[in-house]
Amino acid sequence: MAPITIPAALTRPTTGLDRAGPSAIGEEGAGGSFADALGKAIGQVDRLQTDADKQVEDVAMGKGNLHETALALEKADVAMKLSVKVRNKLVEAYQDVMRMGI
């Protein structure tokens with residue numbers, strides 16, 4: 001009688017990140033770096049801010065949709081708040097490392 005083997009996927013605890021895959025959690029693979037991922041994230045925040053500004057200009061000229069502009073502004077605001085929180089956590093982590101004794 002052969003022993004019963006249980007697949008590893010059934011024995012290890014699962015989280016939402018397990019199912020998301022590398023692209024959903026920001027891993028770049030073998031060639032990516034943290035600096036590249038951070039640069040891309042900052043670029044996305046900048047694009048959201050720029051798009052929101054353009055839509056505000058369009059609404060001011062009477063060409064844009066007010067509802068879509070409000071959504072764009074909110075997306076840009078949330079992205080900026082998230083980036084500030086990430087920055088604060090990075091600075092805090094850096095300060096903790098600098099306070100460590102050798």
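The values are calculated or read from the model by the stated rules, or taken from the named source; none is laboratory data. Note that the coordinates shown come from a computational prediction; the quantities given were computed from them, not determined experimentally. No Cβ is skipped: glycine too gets one built from the backbone with ideal geometry, and neighbour counts run over all protein chains shown. All accessible areas refer to the heavy atoms of the entire protein, side chains included, with ligands and DNA or RNA removed. Shrake-Rupley method; radii C 1.70, N 1.55, O 1.52, S 1.80 Å.
Under a Cβ-Cβ cut-off of 13 Å, what is the net charge of the residues other than Val84 that fall near it, where Lys and Arg count +1 and Asp and Glu count -1? Taking every other residue near Val84 into account, the sum is +2.
Of Lys54/Lys89; Lys40/Lys89; Lys40/Lys75, which ones are farther than 28 Å apart at the Cα? Pairs exceeding 28 Å: Lys54/Lys89.
Using a probe of 1.4 angstrom and keeping all protein chains present, the accessible surface of region 36-76 works out to 75 square angstrom per residue. Near Gln49, once Lys and Arg are set to +1 and Asp and Glu to -1 for all other residues with Cβ below 14 Å from its Cβ, the sum equals -2.
Expressed in nm to one decimal, what extension gain is obtained for the pair Ala60 and Ala37 from 0.36 nm per residue of sequence separation less their Cα-Cα distance?
Going from the current span to full extension adds 4.8 nm.
As an equivalent ellipsoid, region 26-102 spans semi-axes of 35, 15, 8 angstrom, where each value is the square root of five times an eigenvalue of the C-alpha gyration tensor, largest first.
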